[in-house]
Amino acid sequence: MSLIDVKNLKVEFETADGIVSAVNNVNFSMDEGKILAIVGESGSGKSQTVFGMTGLLDHNGSATGSVKFEGKEILNLSNQKLNQIRAEKIAMIFQDPMTSLNPYVRVSEQMTEVLIHHQGVSKSDALKQSISMLDAVRIPDASNRIRMYPHEFSGGMRQRVMIAMSLLCHPKLLIADEPTTALDVTVQAQIMKLLADLQKDFGMSIILITHDLGVVAGSSDDMLVMYGGEIMEIGKTENIYASPTHPYTQGLMSAVPRLDDSEERLVTIPGNPPNMMKAPEGCPFAPRCNYSIDKCNSESPILVKASNDDHFRACHVSKEKIL
Ligand SMILES: Nc1ncnc2c1ncn2[C@@H]1O[C@H](COP(=O)(O)OP(=O)(O)OP(=O)(O)O)[C@@H](O)[C@H]1O
Ligand SMILES: [Mg+2]
């Protein structure tokens, strides 16, 4: 059984100007103990996909389709039930840890509160568990540092605190939405390594959202490439890296600055992301795609097998033409 099974997920927002289709018919499933990366440019629908799945959409948003977690439907459950799931089974961390940490309350209090309230753990046990979780995320001198305030930690250490907090209840799934974007490159690499280690230590699964393909290689098992609210390509990370079969994935890859490049180079894909106000009739990427044919503007491509290994692509142009 998959840990999570998403079918025909759609997310729409009602706005004064009309309906915004942020996520269109997204389908994927995820096995236990895996790291799935969701990648795509800003506005491609990465965050709204996971917000829709976990009931965290803005008040003007709504989600339809099906999201099964451990075999049970969780889409659009009551707030109370979703709160419980998010407290016990699906944890989330965000780009800026300060949005989730209270700067004026000691880390010890913020961490132990989680355990005391959600798991009925005694105060002294909660402190012990919190210190050991700070150890687990490699915060040196955790037993003393736990008494500090969030603002006394560096950005990277704060993100570690956030990760520790999110793991206190031993979630089955950790969703990390751009967890390293605000950090410098060296610290980014450390946090990615930490997440991979924690995944193994705790046997959980991770959905890692990022617009930076550079952090995905080597730190995820599978990847899902999104554009215009749709899945362009999905498969094992190493396969997609070895041979991206979608023009959009290829574009993203060539936009990644190479480590051996001495010059700061960032090639971006020409053109602008689509207007999500009206879902395109064809492929959302068609207007920016070098390979597009007539059909791309009128017919939405569905995901079809790209190779033998659970690797799928949504593109009308044959794979041989673009490789
Ligand atoms: N409350 C809202 N009302 C209207 N549109 C919204 C709302 N929230 C998000 N959107 C739109 O949904 C689309 C998808 O947004 P999403 O947050 O998923 O992007 P993203 O891929 O996570 O991008 P980023 O990398 O910038 O975080 C965007 O066009 C965004 O403007
Ligand atoms: Mg986002």
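The values are calculated or read from the model by the stated rules, or taken from the named source; none is laboratory data. All values derive from a computational prediction rather than experimental measurement. Quick reminder, even Gly has a Cβ in these numbers, built from the backbone with ideal geometry, and neighbours come from all protein chains shown. SASA here: full protein model, heavy atoms, side chains in, ligands and nucleic acids out. Shrake-Rupley method; radii C 1.70, N 1.55, O 1.52, S 1.80 Å.
Worth a mention:
- Enumerated helices (runs of 4 or more DSSP H) restricted to segment 104-219, each holding at least 2 residues that are assigned by TED's automatic domain parsing to the domain that holds VAL39 and either in contact (Cβ under 8 Å) with a residue 12 or more places away in the chain or buried (at least 19 other Cβ atoms within 10 Å of the Cβ) (or both): 185-202
- Where GLY43 falls short, out of the listed (1) open to solvent by less than 60 Å² (accessible area, probe 1.4 Å); (2) assigned to a loop (DSSP other than H, G, I, E, B); (3) at negative phi: (3)
- Only one of the numbered conditions (1) more than 12 Å from ligand 1 (Cβ to nearest atom); (2) open to solvent by 30 Å² or more (accessible area, probe 1.4 Å); (3) in contact with a His (Cβ under 9 Å, 6 or more places away or on another chain); (4) not polar (S, T, N, Q) is violated by LYS34, and that is (3).
- With respect to being in contact (Cβ under 8 Å) with a residue 24 or more places away in the chain, open to solvent by 60 Å² or more (accessible area, probe 1.4 Å) and more than 20 Å from THR237 (Cβ to Cβ), ILE85 falls outside the description.
- Segment 50-67, residues that are near ligand 1 (Cβ under 8 Å from one of its atoms) and either basic (Lys, Arg) or in contact with a helix residue (DSSP H, G or I) (Cβ under 6 Å, 6 or more places away or on another chain) (or both): LEU57
- Among the residues of segment 57-75, those identified as of a type outside the set (Val, Ile, Thr) and crowded, with 16+ Cβ neighbours inside 10 Å are LEU57, GLY61, ALA63, GLY65, LYS68, PHE69, LEU75.
- Filter pass, SER78 being surrounded by fewer than 17 Cβ atoms within 10 Å (Cβ to Cβ) and within 16 Å of ligand 2 (Cβ to nearest atom): no
- Members of segment 7-17 found to be closer than 17 Å to TYR227 by Cα and either open to solvent by 60 Å² or more (accessible area, probe 1.4 Å) or more than 9 Å from ligand 1 (Cβ to nearest atom) (or both), listed by number: ASN8, LEU9, LYS10, GLU12
- Residues located in segment 277-302, provided they are touching a Gly at 6+ places or on another chain (Cβ under 9 Å), part of a loop (DSSP other than H, G, I, E, B) and modelled with pLDDT of 80 or more: MET277, CYS283, PRO284, PHE285, CYS289, ASN290, SER292, GLU299, SER300, PRO301
- Failed condition for LEU224, given (1) more than 30 Å from ILE19 (Cβ to Cβ); (2) within 16 Å of ligand 2 (Cβ to nearest atom); (3) open to solvent by less than 10 Å² (accessible area, probe 1.4 Å): (1)
- The residues of segment 18-31 that are in a strand (DSSP E or B), more than 11 Å from ligand 1 (Cβ to nearest atom) and open to solvent by 30 Å² or more (accessible area, probe 1.4 Å), listed by number, are ASN25, ASN27, SER29.
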